[in-house]
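Notes for the one structure printed next.
The values are calculated or read from the model by the stated rules, or taken from the named source; none is laboratory data. Since this is a predicted model, take the numbers as computed values, not measurements. Note: ideal-geometry Cβ built from the backbone for every residue, glycine included; neighbour counts use all protein chains shown. Heavy atoms of the whole protein, side chains included, go into the accessibility calculation; ligands, DNA and RNA do not. Shrake-Rupley method; radii C 1.70, N 1.55, O 1.52, S 1.80 Å.
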Amino acid sequence: SLFAGIHFLLTSLARRQERVFLAFGLLCLLLAGYMLLSALWYQSTSVEEVARIARLEMAVICLIYPTFVWFLGLYTNVKSAWVGALATALPFGALLVINTWSPMSFLFSAIEPGEPLRLPWGEELSRYNLTTSPVAPYYYAATYSVFAWAIYRCFVLWRNGQRAKALPVVTYLLLQVATVAHAELIENLGTIA
């Protein structure tokens, strides 16, 4: 993601007319930042550290979704892609403001140490007991709305005969679902008897 972000940002400088490269480059850099923060989460050693990481993660996420909508709008030829990005920025901007003032992020109201997770291959991951905040359902509603819109845009491409253009986005969406499912499996592995 980091390499792709740098590559497409440099490409966007050379091809000023094609904003899709700029949008994709920014999206890749934001995703690289999120992945780095996720890795740091599992290596954290204190509640204070994980709370700081959670706040940073949620701030990056609040930037990822509007950037994703902007990129996908450009990629799928939406006439005013910036309007969709702006509409997406409104709820995520509100979440970003809430995140700024929340001690544990807008997603969690409490974080407590839990038993570390020991994976079969010997790796040990830090685990925390998380209490979801009252704001979390609004976040999930906003993210599900973005994914529903992305699936709709893929369907439009597919229906218009642009299957080769729809395939990478569909693949990304499937990988995203698999990633979320994998994260849930890892997180709940210790609770399955």
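Rounded to the nearest 0.05, what FRET efficiency do Glu123 and Ala87 give with R0 = 30 Å and r taken as the Cβ-Cβ distance? Could you check?
Taking R0 as 30 Å, the efficiency between Glu123 and Ala87 is 0.15.
Pick the calculated Rg/Rh (Cα atoms, Kirkwood Rh) for this structure from [x] 1.00; [y] 1.16; [z] 0.94?
Correct label is [x].
Leaving ligands, DNA and RNA out of it, work out the accessible area of Lys165 with a 1.4 Å probe and give it in Å² to the nearest 10.
Its heavy atoms expose roughly 60 Å² to the probe.
What is the helix-to-structure angle for 2-14, meaning the angle in degrees between its Cα long axis and the longest Cα principal axis of the chain, kept from 0 to 90 and rounded to the nearest 10?
Approximately 30 degrees, to the nearest ten.
In the Gaussian network model of the chain, springs joining C-alpha atoms below 10 Å, which of Met104, Met58, Met35 carries the largest mean-square fluctuation?
Top of the fluctuation ranking is Met35.
Modelling each spin label as a point 7 Å along the Cα-to-Cβ direction, I'd like the Ser145/Ala94 distance in nm, to one decimal.
Calculated label separation equals 0.8 nm.
So if we plug the beta-carbon distance of Met35 and Ser80 into 1/(1 + (r/R0)^6) with R0 = 22 Å, what FRET efficiency do we get, rounded to 0.05? Intermediate results must be reported in sequence, preceding the final value.
Details: r = 31 Å, r/R0 = 1.39.
E between Met35 and Ser80, to the nearest 0.05, is 0.10.
Starting from the Cα of Val170, step 7 Å along the direction of its Cβ; do the same at Glu112; then give the gap between the two resulting points in nm.
Distance between the two pseudo-spin positions: 4.6 nm.
Okay, helix-only estimate at 222 nm for the chain: each DSSP H run of n ≥ 4 adds -39500 (n - 2.57), divide by all residues, round to 500 deg cm²/dmol; what do you get?
-25000 deg cm²/dmol
Between Arg163 and Ala178, how many nm apart are label points set 7 Å from Cα along the C-beta direction?
2.1
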